[in-house]
1. Quick check on segment 63-85. Is at least one of its residues over 15 Å from Phe150 (Cβ atoms), at pLDDT 95 or above and surrounded by fewer than 20 Cβ atoms within 10 Å (Cβ to Cβ)?
2. Checking Ala58 against (1) in a strand (DSSP E or B); (2) at pLDDT below 95; (3) under 12 Å from the mean Cα position of the chain (by Cα), which single condition isn't satisfied?
3. Can you find, within segment 126-141, the residue that is surrounded by the most Cβ atoms within 10 Å (Cβ to Cβ) among those that are within 19 Å of the chain's Cα centre (by Cα) and outside any strand (DSSP E or B)?
4. Give segment 143-190 a look and list any residue that's of a type in the set (Asp, Glu) and either in a loop (DSSP other than H, G, I, E, B) or modelled with pLDDT under 95 (or both), or say none.
5. Looking at segment 113-125 only, could you name the residues that are more than 14 Å from the chain's Cα centre (by Cα) and either among the hydroxyl-bearing types (Ser, Thr, Tyr) or assigned to a loop (DSSP other than H, G, I, E, B) (or both)?
6. Among the residues of segment 154-172, write down those that are under 24 Å from Gln120 (Cβ atoms), of a type outside the set (Val, Ile, Thr) and surrounded by 18 or more Cβ atoms within 10 Å (Cβ to Cβ).
7. Please list, ordered by first then second residue, the pairs with beta carbon atoms under 8 Å, 6 or more apart or interchain, first in segment 173-190 and surrounded by 14 or more Cβ atoms within 10 Å (Cβ to Cβ), second assigned to a loop (DSSP other than H, G, I, E, B) and of a type in the set (Lys, Arg).
Amino acid sequence: MKTLSTVAAVLLVGLVLCGCQPQESAPAPAPKPSPTAVSAETGQTTSGSEAMVAPTAAIPGMKIPKSASPSFHVEFLSHTLPASVVAGTTRAVVIRLANRGSEAWNGKKPLYIAYHLYAQDGKRLVWDGHWMPVKTPVQPGQEATTNAVFDAPKAPGEYYVAWDLVKKGETWASWKGSRMLTLRVNVTSP
């Protein structure tokens, strides 16, 4: 099972790097007994109690940025959002990220992490879900860990959750070319 997970992670990373989109989604793998965090780049997990969702290549119909702004650029490194959540619940999520831009995140403009929620067909359902402050300062090249909150939709089904940074009153990181942390999440009946 570990080899299958490794192969799936390698294929997923290859899709992300080439900007390809899978034509059909494969059935979700069975939850692993003990992961708690998944790398946003490799899809590898660390030990814990729930299966975490691996990043997906793209939301159907969404354009992926070719290059990022040299000043405001984020790289998402890992997260703790489970692969499956119960409809209507709120989940605490820990996200590790890195400042890959040339400017420090110094708090002059408040910085937040928030998510966008999309249906399987790419239709946007929520634009700016639950904003949480990111502790600053974060110098260029530095990594930081931040707390986030995910409010699961009330209707069961498969969704895309796209985490993004926002400078309040200025811009979203994705508008400046940073890739969002895009995850496919199964929302189950209560």
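The values are calculated or read from the model by the stated rules, or taken from the named source; none is laboratory data. Model, not experiment: these values are computed from the prediction. Counting neighbours? That spans all protein chains shown, and the Cβs are built from the backbone with ideal geometry, glycine included.
1. Yes, there is a match, as at least one residue in segment 63-85 is over 15 Å from Phe150 (Cβ atoms), at pLDDT 95 or above and surrounded by fewer than 20 Cβ atoms within 10 Å (Cβ to Cβ).
2. That leaves (1) as the condition not met.
3. Val134
4. Glu170
5. Gln120, Asp121, Gly122, Lys123 - these are the residues of segment 113-125 that are more than 14 Å from the chain's Cα centre (by Cα) and either among the hydroxyl-bearing types (Ser, Thr, Tyr) or assigned to a loop (DSSP other than H, G, I, E, B) (or both).
6. Tyr159, Tyr160, Ala162, Trp163, Asp164, Trp172
7. Gly177/Lys66; Ser178/Arg100
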